[in-house]
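Comments concern the structure below.
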Amino acid sequence: AGPCDIYASGGTPCVAAHSSTRALFSAYTGPLYSVTRGSDGTTTNINALSAGGVANAAAQDSFCARTTCVITEIFDQSGKGNHLTQAPPGGFNGPASGGFDNLAAATGAPVTLNGQKAYGVFISPGTGYRNDATNGIATGDAAEGFYAVLDGTHFNNGCCFDYGNAETSAHDTGAGHMEAIYFGTETTWGIGTGNGPWIMADLENGLFSGSNAKLNSGDPTITDRFLTAVVKGEANNWEIRGGNAQSGALTTFWSGVRPSGYNPMHKEGALILGIGGDNSNSAQGTFYEGVVTSGFPSDATENSVQANIVAAKYATTSMVSGPAVAVGSTVSLRATTACCTTRYIAHTGATVNTQIITSSNSTAIKQSASWTVVAGLGNSACVSFESRDTPGSYIRHINFVLMVNADDGTKQMHEDATFCPQAGLNGQGNTIQAWGYPTRAFRHFSNVGYIASNGGPDTFDATALYNDDVSFVVGAAFA
Ligand code: AHR
Ligand code: AHR
C-alpha cells in the first residue's frame, strides 16, 4: 500500500498527492511531474517505473542530457486534478517573467529510494508552485491533514517554506485563511525550542508552534536529513507532528486548541509549495513528497504512513558528476567558449573575472587564478574554492555575482560558497552548479564571473552561448 491507500483505509482520503520521487498510491501509474529543457523548450512527463513505484529518473537524465531542466508541474496523483504549477504573482511578485516565481531545477535534490535514483524539488529563494483553483480541498473550518517529507538540512529564516492550504487570491486575506506545514527558522511569529529549524503551521498572519503566539516548548528543533512533517486541523483543534523519515515513529509536538483569533478557520483551499500565502518567496527548502487529506487523520493512520515512508528508504546519493573535482587538490578553471579558451577564473580583489594566464605571468597573477578545493562550506557533499593568494577567502555569490570573500562564519556565506560540479554542459570539463540555486552555475560573461541561469532576468542569464560559458576545464593550479 502507498501512503494514500493508508489514508483511504483510515477514512481520510488524499485529495491531493504530490511527489517527484514516487507514486503515493500502490496502483498509480500516471505522471509524477514534468520537466522542461532549455535546449528546445520542450516538456516531458516523468512517470513511476511501475505502479506504486519510484520515479523514472533515468528518463529525466536522458531528456535533460547536455542541457538545463526545470520542474514545470508536479502532478496530483489523487485524481482530483490538484496539480502544482509555477506560482503567479500575488501580494509579492516573484523574480520570473510576469512576476511569477521561478521553477525548481530538475537536478537540485538527487536521492535514492530503496537504492533507486530520484529527484526531489529543491526550492531556492524566489521559487514556488501553486494551484488557486482546486477541487475537494478543505474550505472554511472543514477538517484536513497534511504530511510532507522534507530535507531537514535545507532551510532558512525567510517567509515561508510552506506546503498546504492557502488563499485563492495569492494575497493575505487575514488570520485563519491558511493552514499549511511550515519548515524553517523564521522567528517573526512562532518558535520552538533551540535554534530551529522547526515544523510549524502557517495559519496566515503567523507561523504557529502551538496555540501561543511565540514559544511552544513542545516543538523541538528538528534537523534530520530526511524528516516527516505533519500538520492537521479540525474545528478548534489542531496538531503538529514530526519524526525522522528514515527510521522510528512520529512524535506529537502540539495538540490542542486554535490560537486566539483562529477559531473558526477561514480556509480558502488553494495549494502552495515553497512560498507563503501571499506569494512571499524568500524561503528555501526541499520537498520530496506530501499529501493533503479530506478529514482529520487519526494518529494511528499517520503512524502507518510514517512506517510506509521509512520503508521507502530515502537515502542521500552523490551531488556531483563529471570529472572529479577532488577535495584537497589545487586547481585552475579554464573557460571553454571559443572566444576565451586561454582564460581562467581569477580574481582581482573581491571581483571574480577571467584572465589570460600563461607560464610567464608573475606568481601573484598565477595565484590569483589558482584555487584550493575544500569540502563545501555549506554542504560537504559539494565543494568550495579557497583562494590560493588569500587563504580563508572563498568564491561565493551575492546577488548572483561571484565574489571572493573572507569566510565570516555565517550560514549565508557558507551556502553561497558551496558548489556542486556536474559534467560540463557542452561536453567539456565541469559545470559548477550553485548548491543553493541549482538552476545556476559559474558563468563568465564579458569576462566577469556570475552564477547564471539558462534564460532569466539578468543580461548574464542570456541563452546564447550558455552551455559553453558554464563549462570549465578543471586542471592543475598555476601556483
Ligand atoms: O503567516 C505567515 C505569512 O504571512 C503568510 O504565509 C503570508 O501570506 C503572510 O505574509
Ligand atoms: O547570489 C544570490 C543571493 O544573493 C545570495 O544567496 C545572497 O547572499 C544574496 O542575497
Polar (S, T, N, Q), touching a residue at least 24 places away in the same chain (Cβ under 8 Å) and farther than 25 Å from PHE445 by Cβ - does that describe any residue in the range 337-349? no
Of the residues GLY196, GLY164, only one is in contact with a strand residue (DSSP E or B) (Cβ under 9 Å, 6 or more places away or on another chain), among the small types (Gly, Ala, Ser), crowded, with 22+ Cβ neighbours inside 10 Å and closer than 26 Å to GLN77 by Cβ; which? GLY164
Given the criterion more than 16 Å from ligand 2 (Cβ to nearest atom), closer than 21 Å to ILE123 by Cβ, of a type in the set (Gly, Ala, Ser) and modelled with pLDDT of 95 or more, identify the matching residue among ALA104, ALA87, ALA65. ALA87
Have a look at THR301, THR293 and point out the one that is among the hydroxyl-bearing types (Ser, Thr, Tyr), assigned to a strand (DSSP E or B) and either closer than 20 Å to VAL15 by Cβ or modelled with pLDDT of 95 or more (or both). THR293
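Out of everything in the range 191-210 that is more than 20 Å from HIS266 (Cα to Cα) and not in a strand (DSSP E or B), what residue ends up being farthest from ligand 2 (Cβ to nearest atom)?
Filtering the range 191-210 for residues that are more than 20 Å from HIS266 (Cα to Cα) and not in a strand (DSSP E or B), the one farthest from ligand 2 (Cβ to nearest atom) comes out as THR193.
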Listed residues GLN412, GLN433, GLN422; which is away from ligand 2 (no atom under 15 Å from the Cβ), modelled with pLDDT of 95 or more, within 24 Å of HIS154 (Cβ to Cβ) and not in a loop (DSSP other than H, G, I, E, B)? GLN422
If you check ALA326 against the conditions, is it part of a strand (DSSP E or B), modelled with pLDDT of 95 or more and under 22 Å from GLY378 (Cα atoms)? no
The listed residue being in a loop (DSSP other than H, G, I, E, B), buried (at least 20 other Cβ atoms within 10 Å of the Cβ) and modelled with pLDDT of 95 or more, out of GLY158, GLY145, GLY176: GLY176
Residue in the range 361-381 that is closer than 21 Å to ASN447 by Cα and free of Cβ contacts under 8 Å to residues at least 12 places away in the same chain present: yes
Checking PHE155 against (1) in contact (Cβ under 8 Å) with a residue 60 or more places away in the chain; (2) away from ligand 2 (no atom under 16 Å from the Cβ): exactly one of these is not met. Which one? (2)
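The values are calculated or read from the model by the stated rules, or taken from the named source; none is laboratory data. From a predicted model like this one, the values you see are computed outputs, not experimental measurements. Cβ: placed from backbone, ideal geometry, glycine included. Neighbour counts: every protein chain shown.
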